[in-house]
Amino acid sequence: MAVCARLCGVGPVRGCRRRGAQRKGTSGDSSEPDTDPEEGGGCDGGGGGGEEASEDEAREERIEGPTPRRAPLSLLELPPELLVQIFGSLPGPDLPSLARVCTAFHRLLRTDTIWRRRCKEEYGVCENLRKLEITGVSCRDVYAKRINPRVKSGRFMKILPDYEHMEYRDVYTCLLHRYRHILGLWQPDIGPYGGLLNVVVDGLFIIGWMYLPPHDPHVDDPMRFKPLFRIHLMERKSATVECMYGHKGPHSGHIQIVKRDEFSTKCNQTDHHRMSGGRQEEFRTWLREEWGRTLEDIFHEHMQELILMKFIYTSQYDNCLTYRRIYLPPQSPDDLIEPGLFKGTYGSHGLEIVMLSFHGKKAKGTKITGDPNIPAGQQTVEIDLAHPIRLPDIESLSNFSELSRIVLEVEERVRREQQQQQQEEEGVQGEKGQEEVLQPGAAVPEGDGAEAPEEEEGAVAAQTPSPCPFVLPGGIASRNEDYPRTCRACFYGTGLIAGHGFTSPERTPGVFVLFDNDRFGFIWLELQSFSLYSRIKVSFQNAEAPSQDAFDEMLKNIQLLTS
């Protein structure tokens, strides 16, 4: 019996495997049946043959040990560390509902590890609250430059928020989630001038950066930017909004979210915007920042008037501003180049920001920043991708009259096609008109050597021809003479011109010149001038359009605001 007890592993010397199994069944949890296929042998084989149990069975019994635990039937039975991993993978907005399920979940969802993961995955916050290290163009630099340049004095750490007792749950709920609707790209309502605001999560702050073009005429230089406002947690459960405008450091501000795609900012201490030297000192400082020069360096009287007018107009908006959301244009494989934001030269108005987007056989350049003649939101250029222009050789191209003749011939052709299309839509097209009017893609008539012949409709945009020499015709004014000397393609287009105050607007013919994926130009025939555009190489977050329809609706809305 001692051998049987030892082989069966039931513990006591007296007894057998069957008795041991019975004791286990009565003393333990009997709800789970024993499904071991080997259970029919050994001491259960009939008649107390314990000595006949094999060494293999005894070894298996010792390895298996007690009866295995049953699988957990609910989440509450899982280990807390596993629940933390599960809850941390859920979207942050769903966690408050989960906390209301039961007390255990409510207590577990106060774990800071869960909220730190949500801050990182949803908003890119990688900083450690216990050891704040912000890199790049950071809030630390803003503090140091705008409050106390002498960082070593010890005052720097005193003006930073108290992160020692702050929790990621507070950062998520009171800062990031609360102000999530203002993240992305926005256009400020500053009359005809507009602008480009990018609201981002920078460390443990939300900062609104105003992006400014480089100084005229250096269109290939990187964008400039300055902070307009920031939001952060100076105290737990309470977010602080600070205005960053002016030169006296951060001061009290306010943000009101009007609706999902619109918000406004207000400064509560506009005296921080004023300078001791009065308006003249403010103007000189603004001129150095905006244009990188003094008024004495600008010899053109008309340009001086435009600059002074812009300063007077924009300074009225230093205490309150309204912003409307804008999207980056969606991209399609059939696009001629990658759409996006570009910096462009606009004569005496300096550099302005233009959004290039594609709409089938049309490409549109919409102003994000504008001027008193063509305000922000208006469509500055339109390119007809169905009408490519074959430029003459370099000798002939240098003659403005030759280029003008070619473009005007294409303009006449486009006019006839539009007239033909209108007649077809009205149902009054006659056989004679069908024979006389040229259809898209037909051979160019004699003398109209402007377009590439035998082009299939819609096929031009997909082609990437080899570069050909390019030079501006004589008499064409250009702010930047450092334009590329080769181009990939040229298309007929129209440019919008108007008088001061957007009076008598009209579309005039021009030439769209594609240099490469990051640069293009437009020749304004009526103005005899050339605008060079260079891509803004900034990765904007939260700026993708939900759909093509949403992007088209956005373009329509910003155009109506300035019409």
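Here the accessible area is traced with a 1.4 Å probe on the protein chains. For the stretch 177-324, carbon and sulfur cover 49 percent of it. About its Cα centre, the stretch 165-320 has a charge dipole of approximately 760 debye under the convention of +1 per Lys or Arg Cβ and -1 per Asp or Glu Cβ, with nothing else charged. Of the listed residues VAL511, VAL201, the order by accessible area with a 1.4 Å probe, largest first, is VAL201, VAL511. With protein chains left intact and a 1.4 Å probe, residues in the stretch 177-324 average 47 Å² of accessible area per residue.
Of the residues CYS243, CYS102, ranked by 1.4 Å probe accessible area with the largest first, the sequence reads CYS102, CYS243. Across TRP186, TRP291, the residue with the most accessible area heads the list, and the full order at a 1.4 Å probe is TRP291, TRP186.
Looking at the stretch 177-324, the pairs of alpha carbons with a distance over 23 Å make up 40% of the total.
The values are calculated or read from the model by the stated rules, or taken from the named source; none is laboratory data. This one's a predicted model, so the numbers in the text were calculated from it and none came from an experiment. Methodologically, a virtual Cβ is constructed for each residue, glycine included, from the backbone with ideal geometry; neighbour enumeration extends over all protein chains shown. We work out accessible area using only protein heavy atoms, side chains counted, and drop any ligands, DNA or RNA first. Shrake-Rupley method; radii C 1.70, N 1.55, O 1.52, S 1.80 Å.
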